[in-house]
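To start, the structure under review is shown below, and the notes come after it.
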Amino acid sequence: MTRRFPNASTARLLSAPLALLVALPVGALERLPAPENRQDAGLLAQVNSEIPPEILALEKKASELYGRGEPQQALAVIQQVMVWVNANLPSNAPYRASSQSWIGLLLSAVGRRQEALAPREEAVKIYRELAKTNPAFQGDLAASLTNLGIGYSELGRRQEALAPIEEAVKIYRELAKTNPAYLGVLAASLTNLGVRYSEVGRRQEALAPTEEAVKIYSELAKTNPAYLNDLAMALNNMGVRYSEVGRRQEALAPTEEAVKIRRELARTNPAFLGDLAASLNNMGVRYSEVGRRQEALAPTEEALKIYRELAKTNPAFLNDLAMALNNMGVRYSEVGRRQEALAPTEEAVKIRRELARTNPAFLGDLAASLNNMGVRYSEVGRRQEALAPTEEALKIYRELAKTNPAFLNDLAMALNNMGVRYSEVGRRQEALAPTEEALKIYRELAKTNPAFLGYLAAALDTLGEVYRGVGRQQEALKVAEESITNFRRLSKVNPGGYQHLLAYSITTRGVIQQDLGQPEQARDSYEQAIAIYRPLAASNLAFQADLQRIKNNLDELNRKEGIRTGAKQVLPATNMSYLPQGDPLTPVKRAVVLLWPTFSGKNAGVGLLGTGFVVRRQGDRAWIVTALHVVRDLESNALATKVEAELFTGPLPAGVVAPRAEVLLSQGTALPASGDEPIVLEVRGLPPDIQALPLATTPAQGVLMVVGHPSKPGPWTVVSYPLLKTTDQALLLDGGLDPGASGSPVLSASRQVVGVVYDSPEVTKSRPIPQVWAFPVKALKAKMAP
């Protein structure tokens, strides 16, 4: 019987954006391979010949139970083995060391990680002594060292985890020089070394061992297809490592290759379906990171479907199913399908609650899912309901952290989220204590592990937001400066991983400086942030919205300061002297307004601009239509605190700015908690020449016209599109539009409104041509009926 040591198979990689502390990012999990405990079959047979068959049968039974996802039962069986071992074998017996490794693995699997350390340490001690006189035990020593490193990591002793892992790599490297049979386990150990380096913040150093592992597995797989799945695992991990250092575009190729390999393996062998699902999940994460969020849905949905089928017959996949459900919720949320994100998130909590009921090892996973549930409830406006799962997650993590420092990071994250949730429901003073406690924990963690500097910087950002919410602007500025200092330091060694976070913190400082009446300092902050974001946005779609938001804040600052100092004058709304003469579209453009929404909270300041148009007038009162997401922050789901409607004036001379009218959010149609739809809002201060655009009474057809404010080419752009398709829910137009056009009217040849633009989704493999999507006019008429 060939036995495998319980070892690195318990280590998993979490693909997650470092500083997203509000929503716990649940990324792709990848199990590492289990190296053989020895390559000497003769010695193995000799060791096994000394063990009664009934004991070996118990060990085999424990292995089968563990493989079926029943670690509690497996532990009970191995404990029977240990009773025999303690009664019959000397303290230095090889089989004692093997059994101790099993005990360590299973204790960890049931959440008793502190108890798992002693048997792992004993296994190392025994094999070290055996290897001194018999080199055949060098491989066993390396495997036990790997286990010990994982044990230290599980307890938060990540610096201590490095030495045993590095020693294991050194041993396997020496063994592989004379025996190629050790190349596979050398590659596995190199992958583990990359994980450990990453955990202590040495992310650049993590690349070399990870890349070497891929190279070794690639060579092995050329002549032995048994290594193909290991190669796919190493490619997955390479994608994670590249992502961590900001090389997100480069992370795509190895991740896609891993999916391709595992899809082919699973085609002929269903045993690889779980691994395929893990790689698909990773692909979803990678696509999301580069802004291809619509494309991220398909692999995530496929991973979920696979795990659901596997879990029907094998409970070992239930936690993987819960992880995939969590990720499905994240992906749906990212593309604005927030109501749909609720069901998978709630199902994940249900599964993990049941798992944790019988196995405390799943308590941390349950807390992660509860935290996600709080985020999802908040996104759909159910903020009071978001408190309970967030509080429960915090309670669980606090208990876990009492006995296992590895959970201190999770505890700090939960405290941070608790502060955010309290702020959202107006309990801003109560938000201070958990946010400050989170910061205190991260300060302590960062003292000994630079991997936590990013978390510390992000926690400072969150505390700054809480301080702003209670009017403590000076303190908010102080923590913003500290956050910037930390992110600058991190960006020097890992620019790709931290530059966008540095730019975010600098932007936050700019908003605070505006609050404090420091316009010149705020302008400098915005310009610094723009300089950082501009090259990032050029290569990654995910950063384009951030860049545009900061540009909008700078423009707004310049407008306000120009008006305050007298350098700029606001054109009276009734002044029509600059309007283009003889342009038949001027009345249409006058009815189309440029919307400037302002938000509080995480994305404080001016948000992404949008379009609206007048659909009704009654004396001095007027009503405009736009898309709901124009006045709702896409990340926090919070409604704008203020919206202004800028009027079309034609080209203005230097020193003159366009007039704006006030949009009365509180006077509009009642807004839904989530989703997107056309909304009708009252606006005050429109001049009498601006009239409502007429609504069409006949179906849309032929070539249609859109008048709006895409970021390129700019405000009051007029574009014509052929109508591709009409459904009950949408008009599909043949072409694309940049952000800013949401809320634009779609007009027929007779200039009647046939629709309201709400999206121009990214081009994907399944949708290779650009399109503009619009709500049909009947959806607008339904909103206007009241």
Legend entry - Set of lysines near Lys132 by C-alpha distance (under 27 Å), chain-local residues within fewer than 8 positions excluded: Lys170, Lys177
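With all protein chains present and a 1.4 Å probe, how do Phe452, Phe362 order by accessible area, largest first?
On the way: Phe452 15, Phe362 45 Å².
Largest accessible area first, the list is Phe362, Phe452.
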Inset, instruction - Please turn the phi angles of region 603-608 into ³J(HN,Hα) values with the Karplus equation 6.51 cos²θ - 1.76 cosθ + 1.60 (θ = phi - 60°), one per residue in order, whole Hz, x for glycine and proline. - result: 9, 4, x, 6, x, 6
Legend entry - Thr611, Thr268, reordered so the largest accessible area comes first (probe 1.4 Å): Thr268, Thr611
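With the contact rule set at Cα under 8 Å and sequence spacing of 6 or more, what percent relative contact order holds for region 330-482? Working shown, then result.
Numbers: 191 pairs, mean separation 21.4, N = 153.
Relative contact order comes out at 14 percent.
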Inset, instruction - Show the residues, 5+ positions off or on another chain, whose built amide H is closer than 5 Å to the amide H of Gln569. - result: Val656, Val657
Inset, instruction - Using only Cα atoms, find the angle between the long axis of helix 318-334 and the longest principal axis of the chain, and express it within 0 to 90 degrees, rounded to the nearest 10. - result: 20 degrees
Legend entry - Folded to 0 to 90 degrees: helix 453-469 orientation relative to the chain principal axis, Cα: 40 degrees
Legend entry - Probe 1.4 Å - accessible area at Met373, Å² to nearest ten: 20 Å²
Legend entry - Rg(Cα)/(2.2 N^0.38 Å) for the chain, N = residue count: 1.08
Inset, instruction - Would you kindly derive the ³J(HN,Hα) couplings of region 127-142 from the backbone phi angles with the Karplus curve 6.51 cos²θ - 1.76 cosθ + 1.60 (θ = phi - 60°), listing them in order in whole Hz, with x for Gly and Pro? - result: 5, 5, 5, 4, 5, 4, 10, 9, x, 5, 8, 4, x, 5, 4, 4
Legend entry - Built amide H within the under 5 Å cut-off of Asp759, gap 5+: Trp773
Inset, instruction - In whole Å, largest first, what are the principal axis extents of the Cα atoms in region 122-171? - result: 34, 20, 11
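Could you sort 135-141, 160-166 so that the peptide with the highest average Cβ count within 10 Å comes first and the rest follow in order?
Details: 135-141: 22.0, 160-166: 20.0.
Final packing ranking: 135-141, 160-166.
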Legend entry - Cα gyration tensor shape for region 651-756, rounded if a/c is under 1.5, else prolate or oblate: oblate
Inset, instruction - With a Förster radius of 56 Å, plug the Cβ-Cβ distance of Arg157 and Gln618 into 1/(1 + (r/R0)^6) and report the FRET value to the nearest 0.05. - result: 0.20
Inset, instruction - Output ³J(HN,Hα) for region 261-267: one whole-Hz value per residue in order, computed from phi by the Karplus curve 6.51 cos²θ - 1.76 cosθ + 1.60 with θ = phi - 60°, and x for Gly and Pro. - result: 4, 6, 5, 5, 4, 5, 4
Inset, instruction - Working from Cα positions, state the angle (0 to 90°, nearest 10) between the long axis of helix 228-244 and the longest principal axis of the chain. - result: 50 degrees
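Ordering Glu646, Glu682, Glu399 from largest to smallest accessible area (1.4 angstrom probe), what's the sequence?
Values: Glu646 30, Glu682 0, Glu399 105 Å².
The most accessible residue leads, giving Glu399, Glu646, Glu682.
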Inset, instruction - Could you do me a favour and compute the accessible area per residue for region 723-762, 1.4 Å probe, result in Å²? - result: 38 Å²
Inset, instruction - Can you tell me the relative contact order of the chain? Whole percent, Cα pairs under 8 Å, sequence separation 6 or more. - result: 8 percent
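How much accessible area per residue does region 206-246 have, in Å², with a 1.4 Å probe?
Details: 1410 Å² over 41 residues.
Accessible surface, normalised per residue, equals 35 Å².
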Inset, instruction - Counting only heavy atoms of the protein chains, get the accessible area per residue of region 490-578 (1.4 Å probe) and round it to a whole Å² value. - result: 45 Å²
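Given C-alpha coordinates of region 476-600, what is the ratio Rg to Rh with the Kirkwood estimate of Rh?
Working: Rg = 18.5 Å, Rh = 16.8 Å.
Rg divided by Rh gives 1.10.
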Inset, instruction - Would you kindly find the accessible area of Glu430, with a 1.4 Å probe and non-protein molecules such as ligands, DNA and RNA excluded, rounding to the nearest 10 Å²? - result: 90 Å²
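What does the convex hull of the Cα atoms come to per residue for region 308-427, in Å³? Intermediate results must be reported in sequence, preceding the final value.
On the way: hull volume 11.8 nm³, N = 120.
Looking at region 308-427, the number lands at 98 Å³ per residue.
Quick check: at a probe of 1.4 Å, how many percent of the accessible area of region 557-668 sits on carbon and sulfur atoms? Please report the intermediate quantities before stating the final value.
Numbers: 2460 of 4610 Å².
Reported share for carbon and sulfur atoms: 53 percent.
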Inset, instruction - Work the Kirkwood hydrodynamic radius out for region 130-245: mean of 1/r over every pair of different alpha-carbon atoms, inverted, in Å. - result: 14.3 Å
Legend entry - Cα Rg, Dmax, region 563-716, angstrom units: 16.0, 51
Inset, instruction - Show the residues, 5+ positions off or on another chain, whose built amide H is closer than 5 Å to the amide H of Arg616. - result: Trp623
Inset, instruction - Sequence neighbours fewer than 8 away in the same chain don't count; with that in mind, list the lysines whose C-alpha is under 27 Å from Lys61. - result: Lys125, Lys312
Legend entry - Computed accessible area, Lys60, all protein chains, 1.4 angstrom probe, square angstrom: 110 Å²
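Remind me, relative contact order of region 171-262 in percent, using alpha carbon pairs under 8 angstrom and six or more residues apart? Kindly include the intermediate steps, with their values, before the conclusion.
Details: 113 pairs, mean separation 19.8, N = 92.
21 percent.
The values are calculated or read from the model by the stated rules, or taken from the named source; none is laboratory data. Bear in mind that the values here come from a model prediction, so they are computed numbers and not experimental data. Counting neighbours? That spans all protein chains shown, and the Cβs are built from the backbone with ideal geometry, glycine included. Note: accessible area is taken over every heavy atom of the protein model, side chains too, but ligands, DNA and RNA are not part of it. Shrake-Rupley method; radii C 1.70, N 1.55, O 1.52, S 1.80 Å.
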